[in-house]
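The structure under discussion appears below in the form of structure tokens.
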Amino acid sequence: MTATAMPYENLGDALATDYFYVREEFSDEQWQHFLATRRFVDTEVLPAINSYWEAAELPWPLMRRLPELGLLGEDIAGYGCPGMTPLARGLVNMELHRGDGSLGTFLGVQSGLAMKSIALLGSDAQKQRWLPALAHLDAIGAFALTEPMHGSDSVSLETTARRDGSDWVLDGAKRWIGNGSIADVVVVWARSDQDGQVKGFLVEKDTPGFTAKTMEGKGAARAIWQADITLAGARLPDEARLPEAERFVDAGRVLVTTRTTCAWAALGHAVSAYDTALTYTKQRRQFGQPLCSFQIVQDRLVKMLAEVTSMQLYCMQLARLEDTGRLTDTIAGLAKLNNTRKARQVIADARDLLGGNGILLDNHIIRHMGDIEVIHTYEGTETMQTLIVGRDITGVGAFT
């Protein structure tokens with residue numbers, strides 16, 4: 001069966017933004033993941049998510065559906081994970097973020113950060129213990145790199161790992177840790193007192209000296225919890241150390257793929273905003289005419305579509321490069337900064353086209369406007385990605 005022949009009750013809506021026919025690049029497997037996730041978003045996420053977002057509550061019923069849909073673990077092979085292609089992984093993340101940034105971020109933390117760290121850097125025993133449980137949501141994972149004084153400058157992290165006999169003792173603080181207060185296992189990055197290098201550790205929630213507190217007062221991604229984490233003499237056996245996480249660059253191996261996910265996520269937010277604006281301006285009448293009949297409205301819709309289409313092409317090429325082993329951190333960084341920048345503008349234009357109705361949660365745009373700010377910031381801000389790519393193309397570093 002070809003991709004274009006696959007049934008979907010809202011197929012026209014699903015392809016409305018595919019102006020350059022990128023769907024023709026999808027395999028049957030990729031298309032099935034796309035359609036299954038879209039159905040889930042349309043029938044289960046969108047009718048329910050606003051109440052969770054407004055109340056800053058975790059959408060547990062929706063989160064529990066992720067393993068049932070075979071989404072947790074994304075492109076990891078084995079251990080109960082689906083082993084998706086890079087393109088399928090991107091499509092799934094795009095669609096989840098089209099529904100809600102919090103749910104998409106939960107997938108990103110669970111699969112792209114916690115599980116990917118263990119899959120890439122863990123021992124066989126660590127993989128056997130944690131990956132199946134995380135894939136079935138019998139356990140929740142988190143990834144603790146960012147610190148209160150080290151966000152963009154994460155390589156300067158101050159959390160320490162001191163060797164004490166056969167154990168390691170961790171001291172320090174982490175901030176903005178998604179899932180941190182509900183996680184069963186947290187991938188913690190700390191600097192070793194032996195060689196000064198950054199290493200990764202698996203810290204379980206009941207470890208003495210480990211505490212996590214949910215952060216409050218967020219205006220974005222309200223349906224996922226970030227945490228402040230404190231490590232005060234948290235003692236771990238050497239078996240808790242990720243054996244392949246010996247330097248900060250090893251954390252970077254995990255972050256390369258999550259930055260591509262950020263590009264796909266930004267696309268999902270932009271697609272939602274564009275679709276809403278197009279539908280609204282066709283239905284809304286002002287001055288005796290549909291809003292879409294006015295030249296200035298059409299001009300803005302076309303410019304929004306142009307941005308969405310260019311974001312799609314970025315994402316498609318990311319998937320191709322990852323498939324062939326040519327994806328680099330600078331390519332991923334350029335895609336992230338491009339797509340988050342464009343998504344912010346598309347969402348702002350959509351909110352404006354809806355007028356006062358644009359700030360109502362019922363129309364979803366204001367939620368996306370807040371949530372895109374999260375993607376714009378995490379995994380390296382636009383400013384940091386610009387400097388990293390700038391260093392790559394000029395050979396000159398503009399920061400220490």
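Calculate how steeply helix 329-353 sits against the longest principal axis of the alpha-carbon atoms of the chain, using the helix alpha-carbon long axis, and give the answer as 0 to 90 degrees to the nearest 10. Value to nearest ten degrees: 40. Ordering Phe287, Phe106, Phe20 by the number of other Cβ atoms within 10 Å of each residue's own Cβ, fewest first, gives Phe287, Phe20, Phe106.
Suppose every K and R has +1 on its Cβ and every D and E has -1 on its Cβ; what is the size of the dipole of the stretch 286-367 about the Cα centre, in Debye to the nearest 20?
On the way: 10 positive and 8 negative charges, 28 e Å.
Dipole size: approximately 140 debye.
Site pair Val155 and Thr230 shows an inter-label distance of 3.1 nm when each label is modelled 7 Å from Cα along Cα→Cβ. Shape analysis of the stretch 15-135 places it in the oblate category; the axes a ≥ b ≥ c from the Cα gyration tensor give an a/c of at least 1.5, with a/b not above b/c.
In this simple spin-label model, placing a label point 7 Å from the Cα along the Cα-to-Cβ direction at both Ala398 and Gln128 gives a separation of 5.0 nm. Have a look at Leu291, Thr230, Gly180 and report the one farthest towards the positive end of the charge dipole of the chain, computed about the Cα centre with Cβ charges (Lys/Arg +1, Asp/Glu -1). Checked the options; the winner is Leu291. In this rough spin-label picture, where each label sits 7 Å from Cα along the Cβ direction, the Val22-Ala55 distance is 3.6 nm. For the stretch 279-289, backbone phi angles converted through the Karplus equation (6.51, -1.76, 1.60; θ = phi - 60°) give residue-by-residue couplings of 4, 4, 5, 6, 8, 7, 10, 9, 6, x, 9 Hz, Gly and Pro being listed as x. Which shape class applies to the stretch 141-247: rounded if a/c is under 1.5, otherwise prolate when a/b exceeds b/c and oblate if not, where a ≥ b ≥ c are the square roots of the Cα gyration tensor eigenvalues? Note, shape of the stretch 141-247 comes out prolate. Helical runs (DSSP H, four residues minimum) scored at -39500 (n - 2.57) apiece and divided by the length of the chain put the mean residue ellipticity at 222 nm at -15500 deg cm²/dmol. Rounded if a/c is under 1.5, else prolate if a/b is larger than b/c, else oblate: which is the stretch 224-333, with a ≥ b ≥ c the root eigenvalues of its Cα gyration tensor? Oblate shape, in that a/c is at least 1.5 and b/c is the bigger or equal ratio. Per-residue extension of 0.36 nm, minus the Cα-Cα distance of Glu204 and Leu361, leaves a gain of 52.8 nm for this segment. A straight chain from Thr324 to Arg163 at 0.36 nm per residue would run longer than the Cα-Cα distance by 54.0 nm.
What order, most packed first, do the peptides 354-364, 202-212, 129-139 have when packing is the mean number of other Cβ atoms within 10 Å of each residue?
My ranking of the peptides, most packed first, is 129-139, 202-212, 354-364.
Simple point charges give the picture: +1 on the Cβ of Lys and Arg, -1 on the Cβ of Asp and Glu, and for the chain a dipole about the Cα centre of about 720 debye.
Would you mind ranking Met215, Met63 so that the residue whose beta carbon has the fewest other beta carbons within 10 Å leads the list?
Values: Met215 14, Met63 19.
Ranking Met215, Met63 by Cβ neighbours within 10 Å, fewest first, gives Met215, Met63.
Projecting the Cα atoms of Thr381, Gly356, Ile331 onto the dipole axis of the stretch 249-394, where Lys and Arg carry +1 and Asp and Glu carry -1 at the beta carbon, places Gly356 farthest toward the positive end. Put a plus charge on the Cβ of each Lys and Arg, a minus charge on the Cβ of each Asp and Glu, and nothing anywhere else: the dipole of the stretch 249-394 about its Cα centre is then about 340 debye.
Just so you know, all these numbers are worked out from the coordinates, no wet-lab data involved. No experiment lies behind these values; they were computed from the predicted model shown. Positions of Cβ are generated from backbone atoms using ideal geometry, with glycine treated the same way; all protein chains shown enter the neighbour counts.
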